[in-house]
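Working notes, structure below.
The values are calculated or read from the model by the stated rules, or taken from the named source; none is laboratory data. Owing to the predicted nature of the structure, the values given are computational and were not obtained by experimental measurement. Virtual Cβ from ideal backbone geometry, glycine too; neighbours counted across all protein chains shown.
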Amino acid sequence: MKRVLFYSISLLLLLSLNSACKKNPAPETTVPAETVATNKWIYDNMNMYYLWKSEMPTNIDYTKESDPEKYFYKLLYTQLDKWSYITNDYASLAAELNGNPVTMGYSPAFYLVGTKQVIIVVQYVYPGSAASDAGLKRGDIILSIDNASLDTTNYYNKYSGNSYSVQLGQVIGNSLSLTGQSLTMTARTTLTDPAIYHTTFDINGHKIGYLVYVEFITGSNNAYLTGMDTIFSAFKSKGITDLVVDLRYNPGGEIDAAIHLGSLIAPATATETSKIMVNLQYNTELQQYFTTNNYTQYLNYKFEPASDNLDMNHVYFLTTTHSASASELLITGLKPYMGVTQVGEHTYGKYCGSWVIPDSTETWAIMPMVTKFANADGFTDFVNGLTPDYTIQDDLVNAAQFGDVSDPMVAKALSLISGKSVAAKSLKVPFLAGLKQIRPPEMDVRRNLVLHHPAPVNVR
């Protein structure tokens, strides 16, 4: 009897619980309306402008996505797209792209030593920056920040701090050790004029202009383009016969700056007649819209007449795997019209560009890949980068300062131009060969080619 009563009570309890569950289902997680609105803005723009629109997933409901950033990256065609970007800090992005960011003012190359340790080697330092004032220079090795070793879990966050000290290291034999030198820096708003160094060399009857250009930025009111004109005016007045452009650490930037620099270098016959430097290709619907409506400003970019044009018939570029995007556009865009010699390493391999699209509040911004570029001969899709004519390894660990003719890449270019052998520093190959360069994804935005035309409001 007790057993029957027990089962009866259990059955009633089970039925009661089931009934309660049916009456009071667990509430669904509600995505805030503001987040849904941001997601919709992301989807609408991606669905209209994204280069790989046909590859976007169709099974994601933006009304159920609680994180706009994660939602954006779910939409990307990751088989080809490594560069589309989103931020909820549009103001900082705009400052970065305009060339007046809050920064320490040095460019880092990150290297993995062994399986976990990370070191920073300085590629260059902006004149007048906090890093420059502290005494940091090209080729310096940073082993720790605030006396804490760098590893794969902390290196980028520590590098990105606003105030810290760096402890410098040195190579002894095939190992690293601290020098005992520590430099303290605090980030500040810095004018990052990308033409950080220029000079001329006189070798064997050749007057050779040399320019180090680290990013394609026009600057506020085109200030950096005006500065570039001043440099080329000086080159022209000195009667340079040859030109070397150092793009080793140039990740790209604004297409306007690339067209401007190309127009200062190219033969006058190309600039005076506004020959096409690059053609642009969009997704099918966008391409048809621009073509049908004859929006040529979206379909190609042309050389421009320039009073300081050097009318060169040959140019030499120094490149590494850091040379990307607008750097590659400049090199390929000039090739149909003049001799181009590339010295150094393969370039990065980025043949697409983006628009900067902020939301209505200018809080969020996306930089989706919207187009790919091809030169006047149709050359594009160089996924493995541009192959150098002469392969020279860049040795940052043993770096010569800019303007030093013993720099291996510079020495090679000068030798090719002058026909006279120029002695180069020997590489620290045994140590360098043991290092693996790593690229934090947070810096991929700096490899974006930015188109100056705003995204059209509607292409329907």
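Of the residues making up region 270-294, those that are touching a residue at least 60 places away in the same chain (Cβ under 8 Å) and exposed (fewer than 14 other Cβ atoms within 10 Å of the Cβ) number 1.
Among residues of region 369-395 that are not assigned by TED's automatic domain parsing to the domain that holds residue 352, none has a beta-carbon under 9 Å from a residue that is modelled with pLDDT of 95 or more at least six positions away or on a different chain.
Looking at region 379-433, which of its residues are β-branched (Val, Ile, Thr), modelled with pLDDT of 95 or more and assigned to a helix (DSSP H, G or I)? Matches in region 379-433: 410, 417. From the list 179, 189, which one is at pLDDT below 95, in contact with a strand residue (DSSP E or B) (Cβ under 6 Å, 6 or more places away or on another chain) and of a type outside the set (A, V, I, L, M, F, W, C)? The unique qualifying residue is 189.
Take the conditions (1) modelled with pLDDT under 95; (2) within 29 Å of residue 389 (Cα to Cα); residue 220 misses just one of them, which is (2). Scanning region 167-218 for residues being of a type in the set (A, V, I, L, M, F, W, C) and surrounded by fewer than 16 Cβ atoms within 10 Å (Cβ to Cβ) gives a total of 3. Summed over region 69-114, the residues that are in a loop (DSSP other than H, G, I, E, B), hydroxyl-bearing (Ser, Thr, Tyr) and over 26 Å from residue 217 (Cα atoms) give a count of 2. Number of residues in region 236-248 that are in contact (Cβ under 8 Å) with a residue 60 or more places away in the chain and either assigned to a helix (DSSP H, G or I) or in contact with a Phe, Trp or Tyr (Cβ under 6 Å, 6 or more places away or on another chain) (or both) equals 4. Within region 219-244, the residues that satisfy the criterion of being closer than 30 Å to residue 367 by Cα and either surrounded by fewer than 23 Cβ atoms within 10 Å (Cβ to Cβ) or of a type in the set (Asp, Glu) (or both) are 219, 220, 221, 222, 223, 225, 226, 227, 229. Restrict the check to region 54-73 and report whether at least one residue is modelled with pLDDT of 95 or more, over 18 Å from residue 145 (Cβ atoms) and among the aliphatic types (A, V, I, L, M). Yes, there is a match, as at least one residue in region 54-73 is modelled with pLDDT of 95 or more, over 18 Å from residue 145 (Cβ atoms) and among the aliphatic types (A, V, I, L, M).
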